[in-house]
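Only one structure is covered here, and it is reproduced in the block below.
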Amino acid sequence: MSNKFYTILNLITGLFTVIVQFATSFFLSPFIVKALGAEANGYTQLAANFVMYATLLTTAFNSMASRFVSVAYHQGKTDKAKCYYSSVYVVNIGLIALLLPISIAVALKLEHIIVIDNVDILDVKLLFGCVFANFFIGMMSSLYSISMYVKNAIFYSNILNCIRTICNAVLLLVVFSLLPIKIFYVSFVALILSVVMLPAYVHYQNKLLPEIHFDKVCFSWSAVKEMLLSGIWNSVNQCGHLLLTGLDLLLSNLFISPYAMGVVAVSKTIPSAIIQLATTINSNFSPSITQSWAKGDYNSVLQELRMAMKISIVIVSVPIVTFCCLGVNFYRLWQPTLNPIVLTVLSVLGCSAFIVLAGTQVLYNVLTASNRLKINSLSFLAMGVVNVLGVYLGLKYCSQYGMYIIVGTSSILTIIRQFVIILPYTAKLLNQHWAAFYKEIFLTLVCCLINAVLAFVVIKFLPVSGWFSIIYDAVIIALFAIIAEVFLLWSKSERNKVIHLIKRK
């Protein structure tokens, strides 16, 4: 089958996985908030953020492993690809040995690191402990998923993640129904499923890429150095991401209250789903773009980017604008114990960057494929530092708006960075005019405006009165918006090509 078909299959399975994951969070989050309070949901999200802090170290080695193995493999250098794979395998074992005692110490002394109120301390410690253990299992799974990237078969990983998410939801409902409610069940069930799914990743590694496997003889310090020198910029990038958005819950916990942390955590559910949706689109186009770059086919890279940006605009802008228009009604039904207006404002602030950048976010694949990460990472770090300073000053002088300042500042800075640095820099890498991709920003804004008009018209004639009506309105808005955007963005020949490809395959 063609590379384009695999890319479409990757995208479809990735989107389905995101929908399943969001549905799980949608049903479980209000249950946890109602049973244990907003603070409990906040601690669950904060534990995940602590793992993100640990990835500052692991990202330096792991983030570019798939890229190096893929480029070497598609250039016919199988021995070199095996060398990269074996080297990153050894490094991961060493990182686990280094981080394991640190994780144990953090979990045991957790009450001295964060504020723990209105919940059982042991329960929260077990929650963090299971999250840390799950992180280590995930490091091993990522090694065996390299084959899926190399073969442009990300759909295998998407399917496994989808199965795990469904099993996770079912098991959590069973556990919460049969046992006394505890916070740590969320991370404990996830840990068990990660362990169970690990052999499946090993199986697909052996099936898809049998010629690439761990061999201690192939370990190379020079390969480690090469991946580290490249991946270190992704660690810097991750640090910037951490400073921009990863400290939201921790700052809310330390400078406002655990309750405010819980409210911010709930408000981040929709923005997190939007970010995950955008990331899914981005990552599923990455293998084919990397392959084209490795072969020196830069015209194909540009063509794939143009198509990817159009797809991204349609898929990302529709749910964002639909949610923004239905947000208050949605939260009034979904989280009746919390203020729906506060939650809506926080959520809109959290995902507002993608109202502008829904299309151009796929350009990050160019940075990975070309191994040009320095400018992107340094700018991310700089914006992260500015964000922390801005939030600190905001909390000091306008503390009554603390939650809005924490969530909104990062979105503003993200938009500025994309406009000033990412768009002209990626255009330069592709030998295009520096303003080549600003057109996609304009198209994104036009699509969002069309979506908003359609949404307000639908809501005007079909007012929301309950879950059925809000779902009905959302479906109607989405259908009209998708049709309008497809005709606006895609030429007749492009529409026919996609329809023909889907029918043929």
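The values are calculated or read from the model by the stated rules, or taken from the named source; none is laboratory data. On a predicted model such as this, the values are computed, not experimentally measured, just so you know. Cβ: placed from backbone, ideal geometry, glycine included. Neighbour counts: every protein chain shown. We work out accessible area using only protein heavy atoms, side chains counted, and drop any ligands, DNA or RNA first. Shrake-Rupley method; radii C 1.70, N 1.55, O 1.52, S 1.80 Å.
Checking Val321 against (1) more than 14 Å from Ile270 (Cα to Cα); (2) open to solvent by less than 20 Å² (accessible area, probe 1.4 Å), which test does it fail?
For Val321, the exception is condition (1).
Return the only residue of Val407, Val385 being over 18 Å from Ser312 (Cβ atoms), surrounded by fewer than 17 Cβ atoms within 10 Å (Cβ to Cβ) and in contact (Cβ under 8 Å) with a residue 24 or more places away in the chain. Write out each step before concluding.
Working: Val407 fails: surrounded by fewer than 17 Cβ atoms within 10 Å (Cβ to Cβ).
One residue alone meets the criteria, Val385.
Six or more apart or on different chains, Cβ under 9 Å: which pairs go from a residue in region 97-117 that's in contact (Cβ under 8 Å) with a residue 60 or more places away in the chain to one that's of a type in the set (S, T, N, Q) and assigned to a loop (DSSP other than H, G, I, E, B)? Could you list them?
Qualifying pairs under 9 Å: Val115/Ser257; Asp117/Ser257.
Please enumerate the residues belonging to region 444-479 that are open to solvent by less than 30 Å² (accessible area, probe 1.4 Å), assigned to a helix (DSSP H, G or I) and more than 13 Å from Cys325 (Cα to Cα).
Thr444, Cys447, Ser469
With respect to the numbered conditions (1) modelled with pLDDT under 85; (2) open to solvent by 20 Å² or more (accessible area, probe 1.4 Å); (3) over 26 Å from Val263 (Cβ atoms), which one is the sole condition not fulfilled by Leu367?
Here Leu367 clears every test but (2).
Please go through region 226-245 and give me each residue that is among the hydrophobic types (A, V, I, L, M, F, W, C), farther than 14 Å from Val386 by Cα and at pLDDT 75 or above, ordered by number. Can you show your working first?
Taking region 226-245 and keeping what is among the hydrophobic types (A, V, I, L, M, F, W, C), we get 227-229, 232-233, 236, 239, 242-244.
Adding the requirement that they be farther than 14 Å from Val386 by Cα leaves 227-229, 232-233, 236.
Once the filter is applied, which keeps residues that are among the hydrophobic types (A, V, I, L, M, F, W, C), farther than 14 Å from Val386 by Cα and at pLDDT 75 or above, region 226-245 yields Met227, Leu228, Leu229, Ile232, Val236.
Only one of Asn299, Asn284, Asn329 is under 24 Å from Ala481 (Cα atoms) and open to solvent by 10 Å² or more (accessible area, probe 1.4 Å). Can you tell me which?
The match here is Asn329.
Does Tyr438 satisfy the criteria of being under 21 Å from Ile313 (Cα atoms) and surrounded by fewer than 19 Cβ atoms within 10 Å (Cβ to Cβ)? Steps first, answer last, please.
Numbers: under 21 Å from Ile313 (Cα atoms): yes; surrounded by fewer than 19 Cβ atoms within 10 Å (Cβ to Cβ): yes.
For Tyr438, the condition - under 21 Å from Ile313 (Cα atoms) and surrounded by fewer than 19 Cβ atoms within 10 Å (Cβ to Cβ) - is met.
Do we have Val342 as within 24 Å of Thr409 (Cα to Cα), in a helix (DSSP H, G or I) and open to solvent by 10 Å² or more (accessible area, probe 1.4 Å) here?
In short, yes.
Can you tell me which residues in region 67-116 are open to solvent by less than 70 Å² (accessible area, probe 1.4 Å) and not in a helix (DSSP H, G or I)?
Result: Gly76, Ile114, Val115, Ile116.
Kindly indicate whether Ser377 is open to solvent by less than 10 Å² (accessible area, probe 1.4 Å) and part of a helix (DSSP H, G or I).
Working: open to solvent by less than 10 Å² (accessible area, probe 1.4 Å): yes; part of a helix (DSSP H, G or I): yes.
Yes.
Please go through (1) closer than 30 Å to Asn253 by Cβ; (2) in contact with a helix residue (DSSP H, G or I) (Cβ under 7 Å, 6 or more places away or on another chain) for Ile416 and return the number of the only condition it doesn't satisfy.
Tallying (1) closer than 30 Å to Asn253 by Cβ; (2) in contact with a helix residue (DSSP H, G or I) (Cβ under 7 Å, 6 or more places away or on another chain), Ile416 fails exactly one: (2).
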